[in-house]
Amino acid sequence: MLLVETYVAPVEGKGIGLFAKALIARGTTYWRRNEAFDRLFTPEMVAAFPANIIDYVQKYGFQESSGNWYLCSDNARFTNHSLDPNFINHFDESGLVDYCFTDRDIAADEEILCNYFDTCRSCANGLPFEEILN
């Protein structure tokens with residue numbers, strides 16, 4: 001669940017991205033895991049969905065080390081990939097993303113970027129983004 005104000009806007013070559021509405025200072029926890037707000041799906045649940053919903057979960061969610069899919073209910077689902085993200089994930093003792101904090105200032109109107117290899121098991125295991133994001 002996002003803890004800061006954001007907006008989504010077009011990003012050339014990527015579709016839509018997540019942007020900071022105002023300065024987010026270095027060290028700010030800007031996202032926190034909240035399964036009451038966001039949605040968590042087991043692989044079996046996802047497999048039982050119609051194809052269009054499977055595509056949606058795989059495009060906008062991320063597969064955790066547990067194998068479950070975590071789907072953000074807010075603008076966080078529009079976070080794009082970068083090998084140079086502007087935040088750090090904090091993982092709990094079971095390897096799940098617990099919260100995210102900025103490792104530098106993120107300016108107003110700057111895109112918030114994530115390294116998918118850090119958060120998504122499918123990406124970390126070498127599945128090309130195209131196979132996940134189509």
Q) Roughly how tilted is helix 51-60, in degrees to the nearest 10 and between 0 and 90, from the longest Cα axis of the chain? A) 30 degrees
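As a test of understanding, state the convex hull volume per residue of the chain from its alpha carbons, in Å³.
In the chain, the Cα hull volume divided by residue count equals 107 Å³.
Estimate the FRET efficiency between Lys21 and Tyr56 by the formula 1/(1 + (r/R0)^6), using the beta-carbon distance for r and 30 Å for R0, to the nearest 0.05. It would help to have the intermediate numbers written out before the result.
Working: r = 25 Å, r/R0 = 0.84.
So the FRET efficiency works out to roughly 0.75.
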Q: Two decimals is fine: what's Rg over Rh for region 41-95, C-alpha atoms, Kirkwood radius as Rh?
A: 1.00
Q) For the pair Ala108 and Leu83, what calculated FRET efficiency results from E = 1/(1 + (r/R0)^6), where r is the Cβ-Cβ distance and R0 = 22 Å, to the nearest 0.05? A) 0.40
**Q.** DSSP-assigned coil residues among chymotrypsin sites (Phe, Trp or Tyr not before Pro) in region 1-59, each with at most 14 further Cβ atoms within 10 Å
**A.** Phe37
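Only the coordinates and a few stated rules stand behind these numbers; no lab work does. What you see is a predicted model; the values in this text were computed from it and never measured. Glycine also receives a Cβ, built like all others from the backbone with ideal geometry; neighbour counts cover every protein chain displayed.
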